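Here the structure is laid out as structure tokens; the discussion comes afterwards.
The values are calculated or read from the model by the stated rules, or taken from the named source; none is laboratory data. All of these numbers come straight from a predicted model, not from anything done at the bench. Cβ placement follows ideal geometry from the backbone for every residue including glycine, while neighbour counts extend to all protein chains displayed. We work out accessible area using only protein heavy atoms, side chains counted, and drop any ligands, DNA or RNA first. Shrake-Rupley method; radii C 1.70, N 1.55, O 1.52, S 1.80 Å.
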Amino acid sequence: MTQSIKKSIVMLLLVTVFTSCNQGPTLQTYYVDNELEPGFASFDVPTSFVNVEKVDLTEEQKEAYDSVDKLNVLTFMKEDTEAANYKLELEKVNTILKDPKYEELMRGGNAVDGKFVVKFLGDIDNIDELIIFGHAKNKGFIIARVLGDDMNASKLMSLGSVLEKANFDEEQLKGLTDFFK
């Protein structure tokens with residue numbers, strides 16, 4: 001192999017390494033980088049925390065339930081930190097979620113009680129990750145990442161009535177319910 005071919009191969013490898021590593025921040029990296037930091041609280045909830053044994057599920061609801069693997073939650077409590085730090089962290093998450101790869105499904109709320117947005121990665125019929133991001137000026141913010149395989153948005157929406165009838169392991173939801181107190 002000639003010297004110029006070797007140099008070309010090395011340059012191609014370097015370009016590949018640098019471009020593949022420079023994809024910007026993601027919610028996953030933000031979660032990992034902050035889960036143990038002051039002001040943050042994190043927890044993972046497996047689908048087994050929702051006991052649906054005594055709930056009659058339609059085929060669509062069963063498919064939706066089976067498509068979800070777990071829920072990752074990261075909260076940032078405003079009262080546990082300075083206002084400037086809260087504003088900085090909120091801006092970091094908003095910047096990540098502005099990336100076009102996170103497609104918006106819905107948003108709601110108001111300036112007084114708080115706002116939320118639901119986004120996803122993947123295709124609407126084959127969602128890789130469903131993201132729920134909510135924040136309230138007087139509380140802080142919460143990021144919930146619903147992870148699974150072949151999740152479908154409309155089928156996931158059908159789980160709302162199931163969750164009302166299901167039994168929950170209260171201890172596993174403590175971090176989430178503490179956020180809303």
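Residue-by-condition table, conditions (1) surrounded by 15 or more Cβ atoms within 10 Å (Cβ to Cβ); (2) polar (S, T, N, Q); (3) without any contact (Cβ under 8 Å) to a residue 60 or more places away in the chain; (4) not in a loop (DSSP other than H, G, I, E, B):
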{"position": "38", "(1), (2), (3), (4)": "no, no, yes, no"}
{"position": "45", "(1), (2), (3), (4)": "yes, no, no, yes"}
{"position": "54", "(1), (2), (3), (4)": "no, no, no, no"}
{"position": "61", "(1), (2), (3), (4)": "yes, yes, no, yes"}
{"position": "64", "(1), (2), (3), (4)": "yes, no, no, yes"}
{"position": "75", "(1), (2), (3), (4)": "yes, yes, no, yes"}
{"position": "84", "(1), (2), (3), (4)": "no, no, yes, yes"}
{"position": "95", "(1), (2), (3), (4)": "no, yes, no, yes"}
{"position": "109", "(1), (2), (3), (4)": "no, no, yes, yes"}
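Taking the stated definitions as given, is residue 79 open to solvent by 70 Å² or more (accessible area, probe 1.4 Å), under 13 Å from the mean Cα position of the chain (by Cα) and not aliphatic (A, V, I, L, M)? Taking the combined requirement at face value, the residue does not satisfy it.
Suppose the filter is in a helix (DSSP H, G or I), modelled with pLDDT of 90 or more and either open to solvent by less than 60 Å² (accessible area, probe 1.4 Å) or closer than 17 Å to residue 132 by Cα (or both); does residue 28 pass it? Against the criterion (in a helix (DSSP H, G or I), modelled with pLDDT of 90 or more and either open to solvent by less than 60 Å² (accessible area, probe 1.4 Å) or closer than 17 Å to residue 132 by Cα (or both)), residue 28 qualifies.
Report whether or not residue 117 is of a type in the set (A, V, I, L, M) and part of a strand (DSSP E or B). Can you show your working first?
On the way: of a type in the set (A, V, I, L, M): yes; part of a strand (DSSP E or B): yes.
Answer is yes for this residue.
Inspection of segment 126-141 finds a residue satisfying the criterion of being among the polar types (S, T, N, Q), outside any strand (DSSP E or B) and at pLDDT below 90.
Among 90, 105, which is under 20 Å from residue 136 (Cβ atoms), open to solvent by less than 90 Å² (accessible area, probe 1.4 Å), touching a residue at least 40 places away in the same chain (Cβ under 8 Å) and under 21 Å from the mean Cα position of the chain (by Cα)?
Values: 105 fails: under 20 Å from residue 136 (Cβ atoms).
One residue alone meets the criteria, 90.
Can you spot a residue in segment 131-143 that is on the phi < 0 side of the Ramachandran plot, of a type in the set (Gly, Ala, Ser) and either touching a Cys at 6+ places or on another chain (Cβ under 8 Å) or open to solvent by less than 70 Å² (accessible area, probe 1.4 Å) (or both)?
We begin by selecting, within segment 131-143, every residue on the phi < 0 side of the Ramachandran plot; these are 131-139, 141-143.
Checking the rest, the ones that are also of a type in the set (Gly, Ala, Ser) come to 134, 136.
Narrowing further to those that are either touching a Cys at 6+ places or on another chain (Cβ under 8 Å) or open to solvent by less than 70 Å² (accessible area, probe 1.4 Å) (or both): 134, 136.
Within segment 131-143, one or more residues are on the phi < 0 side of the Ramachandran plot, of a type in the set (Gly, Ala, Ser) and either touching a Cys at 6+ places or on another chain (Cβ under 8 Å) or open to solvent by less than 70 Å² (accessible area, probe 1.4 Å) (or both).
Mind checking whether some residue in segment 43-58 is in contact with a Ser or Thr (Cβ under 7 Å, 6 or more places away or on another chain) and of a type in the set (A, V, I, L, M, F, W, C)? Scanning segment 43-58, I find no residue that is in contact with a Ser or Thr (Cβ under 7 Å, 6 or more places away or on another chain) and of a type in the set (A, V, I, L, M, F, W, C), so the answer is no.
Scanning segment 97-107 for residues that are assigned to a strand (DSSP E or B) and either of a type outside the set (D, E, K, R) or within 15 Å of residue 29 (Cα to Cα) (or both) gives 105, 106.
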